[in-house]
Amino acid sequence: MDLLGVAHQLHEADQKRLDQVREFLQEHIRRQSIEFWNREEFPAELVQGLAGQGLAGLQLDGSSHLLRGLLHAEIARADVSLSSIVGIHNELVVGMIDALGSAEQRELWLPKLTKFQAFGAFALTEPDHGSDIAGGIHTTVTREGEEYVLNGAKRWIGMGTLADFALIWAKCPDSGAVGAFLVESDRPGYSATKIENKIGLRIMQNADIVMDNVRVPLENKLPGAVDFASANALLMQSRAWVGWQAVGAMLATLDICTAYAKERQQFGQPIAAFQLVQEPLAEIAGNATACLSMMVDVARKQERGELETVDAALAKSTATRLARRSASLGRALLGGNGVVTDYEMAKVFCDVEIIHTYEGTYEINSLIVGRALTGVSAFV
Ligand SMILES: Cc1cc2nc3c(=O)[nH]c(=O)nc-3n(C[C@H](O)[C@H](O)[C@H](O)COP(=O)(O)OP(=O)(O)OC[C@H]3O[C@@H](n4cnc5c(N)ncnc54)[C@H](O)[C@@H]3O)c2cc1C
(Lines give C-alpha, C1' and ligand atoms only; values in the text may rest on other atoms or scores of the structure.)
Protein backbone atom coordinates (compact mmCIF):
# COMPACT_ATOMS: atom_id res chain seq x y z
CA MET A 1 0.00 0.00 0.00
CA ASP A 2 1.79 3.16 -1.18
CA LEU A 3 -0.04 5.70 0.99
CA LEU A 4 -0.64 8.87 -1.06
CA GLY A 5 1.86 7.74 -3.70
CA VAL A 6 4.34 10.02 -1.92
CA ALA A 7 7.40 8.24 -3.27
CA HIS A 8 6.30 9.20 -6.78
CA GLN A 9 6.92 12.85 -5.90
CA LEU A 10 10.64 12.02 -5.76
CA HIS A 11 13.02 12.06 -8.73
CA GLU A 12 13.58 8.63 -10.25
CA ALA A 13 17.05 8.22 -8.71
CA ASP A 14 15.68 9.14 -5.26
CA GLN A 15 12.80 6.66 -5.64
CA LYS A 16 15.35 3.98 -6.42
CA ARG A 17 17.44 4.89 -3.38
CA LEU A 18 14.36 4.81 -1.14
CA ASP A 19 13.39 1.37 -2.47
CA GLN A 20 16.92 0.02 -1.98
CA VAL A 21 17.23 1.34 1.56
CA ARG A 22 13.74 0.04 2.47
CA GLU A 23 14.64 -3.41 1.16
CA PHE A 24 17.91 -3.40 3.12
CA LEU A 25 16.20 -2.29 6.34
CA GLN A 26 13.41 -4.84 6.07
CA GLU A 27 15.83 -7.66 5.28
CA HIS A 28 18.85 -6.86 7.47
CA ILE A 29 17.61 -4.67 10.33
CA ARG A 30 13.95 -5.29 11.21
CA ARG A 31 14.08 -8.80 12.71
CA GLN A 32 17.76 -8.59 13.69
CA SER A 33 17.17 -5.60 15.98
CA ILE A 34 14.75 -7.45 18.29
CA GLU A 35 17.32 -9.36 20.34
CA PHE A 36 19.52 -6.27 20.76
CA TRP A 37 16.42 -4.37 21.93
CA ASN A 38 15.57 -7.13 24.42
CA ARG A 39 19.13 -7.10 25.79
CA GLU A 40 19.40 -3.26 25.78
CA GLU A 41 22.53 -3.70 23.69
CA PHE A 42 24.09 -1.44 21.07
CA PRO A 43 24.24 -3.38 17.76
CA ALA A 44 27.57 -2.19 16.35
CA GLU A 45 27.27 -4.40 13.24
CA LEU A 46 23.74 -3.24 12.42
CA VAL A 47 24.84 0.38 12.79
CA GLN A 48 27.72 -0.23 10.40
CA GLY A 49 25.18 -1.71 7.98
CA LEU A 50 23.27 1.57 8.15
CA ALA A 51 26.51 3.44 7.39
CA GLY A 52 26.92 1.18 4.36
CA GLN A 53 23.61 2.57 3.08
CA GLY A 54 24.94 6.13 3.45
CA LEU A 55 22.62 6.88 6.38
CA ALA A 56 25.34 8.34 8.64
CA GLY A 57 25.84 11.13 6.12
CA LEU A 58 22.22 11.83 5.25
CA GLN A 59 22.32 15.36 6.62
CA LEU A 60 25.06 16.55 4.28
CA ASP A 61 24.70 14.41 1.16
CA GLY A 62 22.46 16.90 -0.67
CA SER A 63 19.29 14.79 -0.40
CA SER A 64 16.04 16.73 -0.54
CA HIS A 65 14.12 17.18 2.72
CA LEU A 66 11.41 14.87 1.36
CA LEU A 67 13.84 12.05 0.59
CA ARG A 68 15.54 12.49 3.96
CA GLY A 69 12.19 12.40 5.74
CA LEU A 70 11.03 9.29 3.92
CA LEU A 71 14.36 7.56 4.64
CA HIS A 72 14.05 8.44 8.34
CA ALA A 73 10.50 7.03 8.30
CA GLU A 74 11.75 3.80 6.69
CA ILE A 75 14.44 3.39 9.36
CA ALA A 76 11.79 3.84 12.09
CA ARG A 77 9.54 1.37 10.26
CA ALA A 78 12.31 -1.22 10.72
CA ASP A 79 13.39 -0.18 14.23
CA VAL A 80 12.58 3.01 16.14
CA SER A 81 15.69 2.89 18.38
CA LEU A 82 18.01 2.73 15.39
CA SER A 83 16.10 5.55 13.78
CA SER A 84 16.76 7.62 16.92
CA ILE A 85 20.46 6.87 16.69
CA VAL A 86 20.56 7.84 13.00
CA GLY A 87 18.27 10.84 13.44
CA ILE A 88 19.95 12.46 16.43
CA HIS A 89 23.34 11.78 14.85
CA ASN A 90 22.33 13.56 11.64
CA GLU A 91 20.10 16.33 12.95
CA LEU A 92 21.77 17.28 16.20
CA VAL A 93 25.41 16.13 16.00
CA VAL A 94 26.45 16.37 12.33
CA GLY A 95 23.92 19.18 11.81
CA MET A 96 25.20 21.15 14.80
CA ILE A 97 28.88 20.86 13.93
CA ASP A 98 28.09 21.76 10.33
CA ALA A 99 25.92 24.76 11.22
CA LEU A 100 27.59 26.07 14.38
CA GLY A 101 31.09 24.55 14.43
CA SER A 102 34.42 26.03 13.35
CA ALA A 103 36.15 25.12 10.07
CA GLU A 104 38.64 23.04 12.09
CA GLN A 105 35.87 21.18 13.94
CA ARG A 106 34.11 20.45 10.67
CA GLU A 107 37.32 19.25 9.04
CA LEU A 108 38.29 17.04 11.98
CA TRP A 109 34.95 15.41 12.76
CA LEU A 110 32.56 15.47 9.80
CA PRO A 111 34.45 13.00 7.55
CA LYS A 112 34.43 10.40 10.37
CA LEU A 113 30.92 11.15 11.64
CA THR A 114 29.33 10.86 8.22
CA LYS A 115 30.61 7.25 8.00
CA PHE A 116 29.86 6.24 11.60
CA GLN A 117 33.61 6.01 12.17
CA ALA A 118 33.03 8.40 15.07
CA PHE A 119 30.00 9.21 17.21
CA GLY A 120 28.92 12.32 19.04
CA ALA A 121 26.18 13.17 21.53
CA PHE A 122 23.91 16.20 21.91
CA ALA A 123 23.84 17.20 25.58
CA LEU A 124 21.27 19.78 26.59
CA THR A 125 18.91 18.21 29.19
CA GLU A 126 19.96 18.22 32.85
CA PRO A 127 18.78 16.17 35.87
CA ASP A 128 16.75 19.09 37.26
CA HIS A 129 15.82 20.81 34.00
CA GLY A 130 14.03 19.18 31.07
CA SER A 131 11.10 21.15 29.67
CA ASP A 132 12.41 24.36 31.23
CA ILE A 133 16.02 23.91 30.11
CA ALA A 134 15.98 27.11 28.02
CA GLY A 135 16.11 29.20 31.17
CA GLY A 136 17.50 26.49 33.41
CA ILE A 137 20.98 25.47 32.24
CA HIS A 138 22.99 24.83 35.42
CA THR A 139 26.10 23.38 33.81
CA THR A 140 28.73 26.09 34.09
CA VAL A 141 31.62 27.11 31.89
CA THR A 142 34.35 29.50 32.95
CA ARG A 143 37.44 30.61 31.11
CA GLU A 144 40.80 30.03 32.76
CA GLY A 145 43.66 31.26 30.57
CA GLU A 146 43.70 29.24 27.36
CA GLU A 147 41.10 26.74 28.55
CA TYR A 148 37.42 26.46 29.37
CA VAL A 149 36.46 24.62 32.56
CA LEU A 150 33.09 22.82 32.66
CA ASN A 151 31.17 21.67 35.73
CA GLY A 152 27.71 20.14 36.03
CA ALA A 153 25.54 17.23 34.94
CA LYS A 154 23.53 16.22 31.87
CA ARG A 155 20.79 13.55 31.76
CA TRP A 156 19.30 11.31 29.09
CA ILE A 157 22.12 11.91 26.64
CA GLY A 158 21.76 9.57 23.63
CA MET A 159 24.93 7.61 22.75
CA GLY A 160 26.45 9.21 25.87
CA THR A 161 28.38 6.11 26.94
CA LEU A 162 29.71 5.31 23.45
CA ALA A 163 30.28 8.67 21.82
CA ASP A 164 33.75 10.09 21.18
CA PHE A 165 32.54 13.49 22.35
CA ALA A 166 29.48 15.32 23.59
CA LEU A 167 28.28 18.75 22.49
CA ILE A 168 27.66 20.26 25.92
CA TRP A 169 25.42 23.29 26.37
CA ALA A 170 26.66 25.37 29.31
CA LYS A 171 26.27 28.80 30.87
CA CYS A 172 28.88 31.31 32.04
CA PRO A 173 27.94 32.15 35.67
CA ASP A 174 29.26 35.72 35.41
CA SER A 175 27.83 36.90 32.08
CA GLY A 176 24.91 34.45 31.85
CA ALA A 177 25.95 33.74 28.23
CA VAL A 178 25.00 30.29 26.90
CA GLY A 179 27.32 28.39 24.57
CA ALA A 180 28.17 24.89 23.34
CA PHE A 181 31.45 23.04 23.78
CA LEU A 182 32.83 19.92 22.15
CA VAL A 183 33.99 17.79 25.08
CA GLU A 184 35.88 14.62 24.25
CA SER A 185 34.76 11.72 26.46
CA ASP A 186 38.32 10.85 27.57
CA ARG A 187 38.89 14.25 29.23
CA PRO A 188 39.78 13.92 32.96
CA GLY A 189 36.78 14.68 35.18
CA TYR A 190 34.24 13.52 32.53
CA SER A 191 32.09 10.46 33.24
CA ALA A 192 29.10 8.92 31.47
CA THR A 193 26.92 6.23 33.11
CA LYS A 194 24.34 4.23 31.19
CA ILE A 195 20.70 4.72 32.23
CA GLU A 196 19.43 1.15 32.63
CA ASN A 197 15.96 -0.42 32.34
CA LYS A 198 14.29 1.93 29.86
CA ILE A 199 10.94 0.65 28.59
CA GLY A 200 11.57 1.91 25.04
CA LEU A 201 14.36 2.80 22.61
CA ARG A 202 16.32 0.13 24.46
CA ILE A 203 18.99 -0.07 21.76
CA MET A 204 19.81 3.61 22.19
CA GLN A 205 22.32 3.97 25.04
CA ASN A 206 21.31 7.00 27.12
CA ALA A 207 23.62 8.39 29.76
CA ASP A 208 23.93 10.51 32.83
CA ILE A 209 27.00 12.67 32.23
CA VAL A 210 28.91 14.34 35.07
CA MET A 211 31.62 16.95 34.55
CA ASP A 212 33.94 17.77 37.42
CA ASN A 213 36.39 20.51 36.39
CA VAL A 214 36.67 19.20 32.84
CA ARG A 215 39.17 21.30 30.87
CA VAL A 216 39.00 21.83 27.12
CA PRO A 217 41.07 24.16 24.91
CA LEU A 218 39.48 27.38 23.64
CA GLU A 219 39.10 25.93 20.14
CA ASN A 220 36.55 23.41 21.50
CA LYS A 221 33.90 26.12 21.73
CA LEU A 222 31.43 26.05 18.83
CA PRO A 223 31.66 29.60 17.49
CA GLY A 224 28.12 29.64 16.08
CA ALA A 225 26.48 28.61 19.37
CA VAL A 226 26.19 32.07 20.87
CA ASP A 227 22.85 31.83 22.68
CA PHE A 228 19.91 29.49 23.31
CA ALA A 229 18.28 30.59 20.07
CA SER A 230 21.00 28.64 18.20
CA ALA A 231 19.87 25.47 20.03
CA ASN A 232 16.24 26.27 19.26
CA ALA A 233 16.94 26.57 15.53
CA LEU A 234 18.41 23.04 15.53
CA LEU A 235 15.64 21.66 17.74
CA MET A 236 12.97 23.03 15.41
CA GLN A 237 14.38 20.96 12.55
CA SER A 238 14.87 17.87 14.71
CA ARG A 239 11.29 18.07 16.02
CA ALA A 240 10.17 17.80 12.42
CA TRP A 241 12.36 14.71 12.10
CA VAL A 242 10.51 13.12 15.07
CA GLY A 243 7.31 13.55 13.02
CA TRP A 244 8.89 11.31 10.37
CA GLN A 245 9.87 8.80 13.06
CA ALA A 246 6.25 8.67 14.17
CA VAL A 247 5.13 8.06 10.57
CA GLY A 248 7.61 5.16 10.42
CA ALA A 249 6.24 3.73 13.67
CA MET A 250 2.68 3.89 12.24
CA LEU A 251 3.79 2.17 9.02
CA ALA A 252 5.43 -0.54 11.13
CA THR A 253 2.21 -0.91 13.11
CA LEU A 254 0.22 -1.27 9.89
CA ASP A 255 2.71 -3.81 8.46
CA ILE A 256 2.69 -5.94 11.60
CA CYS A 257 -1.07 -5.80 12.19
CA THR A 258 -2.12 -6.43 8.59
CA ALA A 259 0.10 -9.49 8.32
CA TYR A 260 -1.05 -10.81 11.69
CA ALA A 261 -4.75 -10.26 10.94
CA LYS A 262 -4.47 -12.32 7.75
CA GLU A 263 -2.54 -15.12 9.42
CA ARG A 264 -4.14 -15.50 12.86
CA GLN A 265 -7.16 -17.82 12.87
CA GLN A 266 -10.00 -17.63 15.42
CA PHE A 267 -13.52 -19.05 15.16
CA GLY A 268 -12.37 -20.96 12.10
CA GLN A 269 -11.33 -17.96 10.04
CA PRO A 270 -8.58 -15.35 9.84
CA ILE A 271 -9.26 -12.53 12.33
CA ALA A 272 -9.03 -10.18 9.30
CA ALA A 273 -12.54 -11.35 8.49
CA PHE A 274 -13.97 -9.66 11.61
CA GLN A 275 -15.27 -6.13 11.26
CA LEU A 276 -13.86 -5.14 14.66
CA VAL A 277 -10.41 -6.10 13.40
CA GLN A 278 -10.75 -4.25 10.12
CA GLU A 279 -11.85 -1.02 11.80
CA PRO A 280 -8.61 -0.45 13.80
CA LEU A 281 -6.61 -1.35 10.68
CA ALA A 282 -8.47 1.41 8.85
CA GLU A 283 -7.82 3.86 11.70
CA ILE A 284 -4.10 3.05 11.77
CA ALA A 285 -3.92 3.50 7.97
CA GLY A 286 -5.80 6.78 8.32
CA ASN A 287 -3.49 8.04 11.07
CA ALA A 288 -0.42 7.13 9.04
CA THR A 289 -1.81 8.73 5.88
CA ALA A 290 -2.82 11.98 7.60
CA CYS A 291 0.59 12.31 9.25
CA LEU A 292 2.46 11.40 6.07
CA SER A 293 0.57 14.14 4.27
CA MET A 294 1.39 16.61 7.05
CA MET A 295 5.08 15.64 6.93
CA VAL A 296 5.23 16.11 3.15
CA ASP A 297 3.98 19.65 3.76
CA VAL A 298 6.64 20.12 6.47
CA ALA A 299 9.35 18.93 4.02
CA ARG A 300 8.13 21.37 1.37
CA LYS A 301 8.26 24.20 3.93
CA GLN A 302 11.81 23.15 4.88
CA GLU A 303 12.80 23.16 1.22
CA ARG A 304 11.47 26.71 0.85
CA GLY A 305 13.13 27.77 4.14
CA GLU A 306 9.69 28.55 5.56
CA LEU A 307 9.40 26.08 8.44
CA GLU A 308 8.47 27.83 11.68
CA THR A 309 8.63 26.65 15.30
CA VAL A 310 4.85 26.23 15.44
CA ASP A 311 4.85 24.01 12.30
CA ALA A 312 7.46 21.70 13.79
CA ALA A 313 5.65 21.63 17.16
CA LEU A 314 2.30 20.81 15.50
CA ALA A 315 3.87 18.07 13.38
CA LYS A 316 5.72 16.53 16.32
CA SER A 317 2.80 16.62 18.75
CA THR A 318 0.22 15.38 16.24
CA ALA A 319 2.30 12.61 14.70
CA THR A 320 3.49 11.24 18.05
CA ARG A 321 -0.03 11.40 19.50
CA LEU A 322 -1.40 9.40 16.57
CA ALA A 323 1.55 6.99 16.62
CA ARG A 324 0.79 6.30 20.28
CA ARG A 325 -2.91 5.79 19.52
CA SER A 326 -2.06 3.50 16.58
CA ALA A 327 0.41 1.45 18.61
CA SER A 328 -2.20 1.00 21.30
CA LEU A 329 -4.72 -0.30 18.74
CA GLY A 330 -2.06 -2.50 17.18
CA ARG A 331 -1.01 -4.01 20.48
CA ALA A 332 -4.60 -4.98 21.25
CA LEU A 333 -5.11 -6.37 17.75
CA LEU A 334 -2.36 -8.94 18.38
CA GLY A 335 -4.07 -10.15 21.57
CA GLY A 336 -1.64 -11.85 23.95
CA ASN A 337 1.04 -11.94 21.28
CA GLY A 338 0.93 -8.13 21.36
CA VAL A 339 2.79 -8.10 24.65
CA VAL A 340 5.90 -10.02 23.59
CA THR A 341 8.59 -8.39 21.46
CA ASP A 342 9.01 -11.49 19.26
CA TYR A 343 5.88 -10.32 17.45
CA GLU A 344 7.39 -6.81 17.10
CA MET A 345 4.23 -4.90 18.06
CA ALA A 346 5.19 -4.65 21.75
CA LYS A 347 8.53 -3.12 20.75
CA VAL A 348 6.83 -0.40 18.67
CA PHE A 349 4.28 0.13 21.47
CA CYS A 350 7.09 0.87 23.96
CA ASP A 351 9.23 2.90 21.56
CA VAL A 352 6.48 5.38 20.72
CA GLU A 353 6.23 6.24 24.42
CA ILE A 354 9.69 7.78 24.17
CA ILE A 355 9.17 9.74 20.95
CA HIS A 356 6.01 11.16 22.56
CA THR A 357 8.26 12.58 25.33
CA TYR A 358 11.66 13.50 23.90
CA GLU A 359 12.54 16.51 21.72
CA GLY A 360 9.99 18.55 23.71
CA THR A 361 7.19 16.58 25.36
CA TYR A 362 3.79 16.25 23.70
CA GLU A 363 2.45 18.76 26.23
CA ILE A 364 5.16 21.37 25.62
CA ASN A 365 4.78 21.14 21.83
CA SER A 366 1.00 21.48 22.25
CA LEU A 367 1.59 24.61 24.34
CA ILE A 368 3.76 26.08 21.55
CA VAL A 369 0.84 25.53 19.16
CA GLY A 370 -1.65 26.91 21.69
CA ARG A 371 0.46 30.03 22.16
CA ALA A 372 0.56 30.62 18.41
CA LEU A 373 -3.21 30.15 18.14
CA THR A 374 -4.20 32.36 21.07
CA GLY A 375 -1.30 34.75 21.53
CA VAL A 376 -1.26 33.67 25.18
CA SER A 377 1.61 31.68 26.68
CA ALA A 378 0.47 28.93 29.06
CA PHE A 379 3.97 27.74 29.94
CA VAL A 380 4.09 29.24 33.44
C1 LIG B 1 15.08 8.08 25.82
C2 LIG B 1 15.34 9.55 25.87
C3 LIG B 1 16.33 10.10 25.08
C4 LIG B 1 16.67 11.44 25.18
N5 LIG B 1 17.75 11.92 24.48
C6 LIG B 1 18.22 13.18 24.76
C7 LIG B 1 19.45 13.63 24.19
O8 LIG B 1 20.11 12.92 23.41
N9 LIG B 1 19.90 14.87 24.53
C10 LIG B 1 19.22 15.69 25.38
O11 LIG B 1 19.69 16.80 25.63
N12 LIG B 1 18.03 15.29 25.94
C13 LIG B 1 17.53 14.06 25.66
N14 LIG B 1 16.33 13.62 26.22
C15 LIG B 1 15.62 14.49 27.15
C16 LIG B 1 14.24 14.90 26.72
O17 LIG B 1 14.31 15.90 25.74
C18 LIG B 1 13.46 15.31 27.97
O19 LIG B 1 13.13 14.11 28.65
C20 LIG B 1 12.24 16.12 27.69
O21 LIG B 1 12.59 17.38 27.23
C22 LIG B 1 11.35 16.28 28.94
O23 LIG B 1 12.09 16.68 30.05
P24 LIG B 1 11.93 15.87 31.43
O25 LIG B 1 12.11 14.42 31.15
O26 LIG B 1 12.87 16.49 32.41
O27 LIG B 1 10.44 16.08 31.88
P28 LIG B 1 9.84 17.33 32.70
O29 LIG B 1 10.22 18.60 32.04
O30 LIG B 1 10.17 17.15 34.14
O31 LIG B 1 8.28 17.10 32.48
C32 LIG B 1 7.49 16.22 33.29
C33 LIG B 1 6.03 16.37 32.84
O34 LIG B 1 5.59 17.69 33.10
C35 LIG B 1 5.07 18.29 31.92
N36 LIG B 1 5.34 19.71 31.93
C37 LIG B 1 6.51 20.35 32.20
N38 LIG B 1 6.36 21.67 32.13
C39 LIG B 1 5.07 21.90 31.77
C40 LIG B 1 4.30 23.06 31.52
N41 LIG B 1 4.80 24.29 31.59
N42 LIG B 1 2.99 22.90 31.19
C43 LIG B 1 2.44 21.67 31.09
N44 LIG B 1 3.12 20.54 31.30
C45 LIG B 1 4.42 20.65 31.64
C46 LIG B 1 5.79 17.57 30.77
O47 LIG B 1 5.08 17.67 29.55
C48 LIG B 1 5.84 16.15 31.32
O49 LIG B 1 4.62 15.51 31.10
C50 LIG B 1 15.94 12.28 26.07
C51 LIG B 1 14.89 11.72 26.82
C52 LIG B 1 14.59 10.40 26.74
C53 LIG B 1 13.49 9.84 27.62
query = log10 I(q)/I(0), Debye, Cα-only the stretch 228-374, no solvent, q = 0.14, 0.20, 0.21 Å⁻¹?
reply = -0.67, -1.09, -1.17
ask   = If you find the alpha carbon centre of the stretch 177-238 and of the stretch 111-149, how far apart are they in angstrom?
value = 3
task = Divide by every residue of the chain the summed helix terms, -39500 (n - 2.57) for each DSSP H run of at least 4, and state the resulting mean residue ellipticity at 222 nm, rounded to the nearest 500 deg cm²/dmol.
result = -16500 deg cm²/dmol
inquiry  = Viscosity 1.306 mPa s, temperature 10 °C: what is the translational diffusion coefficient of the chain from Stokes-Einstein with a Kirkwood Rh over Cα pairs, rounded to a whole number of µm²/s?
reply    = 74
inquiry  = Kirkwood Rh over alpha-carbon pairs of the stretch 312-380, then Stokes-Einstein at 37 °C and 0.692 mPa s: what D in µm² s⁻¹, rounded to an integer?
reply    = 251
query = Between Leu281, Gln205, Met295, whose Cα lies farthest towards the positive end of the dipole of the chain when Lys and Arg beta carbons carry +1 and Asp and Glu beta carbons carry -1, centred on the Cα centre?
reply = Leu281
query = Measuring with a 1.4 Å probe in the full set of protein chains, what accessible area per residue, in whole Å², belongs to the stretch 228-374?
reply = 41
inquiry  = If you average the C-alpha positions of the stretch 340-380 and of the stretch 58-89 separately, how far apart do those two centres end up, in angstrom?
reply    = 19
ask   = What net charge do the residues around Thr318 carry, taking every other residue with its C-beta under 12 Å from that of Thr318, with Lys and Arg at +1 and Asp and Glu at -1?
value = +3
note = In whole Hz, the Karplus estimates of ³J(HN,Hα) for the stretch 346-355 (6.51, -1.76, 1.60; θ = phi - 60°; x where Gly or Pro) are 5, 5, 4, 3, 6, 5, 5, 4, 6, 5
key: Contour excess over end-to-end distance, with Cα ends at Glu23 and Val339 and 0.36 nm allotted per residue   = 111.1 nm
note = Rounded to one decimal in nm, the spacing of the 7 Å Cα→Cβ label points at Gln48 and Glu146 is 3.8
request  = With viscosity set to 1.567 mPa s and temperature to 4 °C, compute the Stokes-Einstein D of the stretch 3-113, Rh being the Kirkwood radius across alpha carbon pairs; µm²/s, no decimals.
outcome  = 88
request  = Give me the angle, in degrees from 0 to 90, between the Cα long axis of helix 362-374 and the longest principal axis of the Cα atoms of the chain, rounded to the nearest 10.
outcome  = 80
query = With each label point set 7 Å from Cα along the Cα-Cβ vector, what nm distance links Arg300 and Asn232?
reply = 2.7
ask   = Got a sec to turn the phi values of the stretch 208-223 into Karplus ³J(HN,Hα) couplings, 6.51 cos²θ - 1.76 cosθ + 1.60 with θ = phi - 60°, whole Hz, x for Gly and Pro?
value = 8, 10, 10, 10, 10, 6, 7, 9, 10, x, 4, 5, 7, 6, 8, x
message = Testing the spin-label approximation: label points 7 Å from Cα along Cα→Cβ at Ala99 and Glu196. State their distance in nm.
response = 3.7
message = As a test of reading the structure, rank Cys350, Cys291 by solvent-accessible area (1.4 Å probe, protein chains only), most first.
response = Cys350, Cys291
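The values are calculated or read from the model by the stated rules, or taken from the named source; none is laboratory data. Not measured: the values here are computed from a predicted model. All Cβ positions, even for glycine, are placed from backbone atoms using ideal geometry, and neighbour counts span all protein chains on display. With ligands, DNA and RNA removed, areas are computed over all heavy atoms of the protein, side chains included. Shrake-Rupley method; radii C 1.70, N 1.55, O 1.52, S 1.80 Å.
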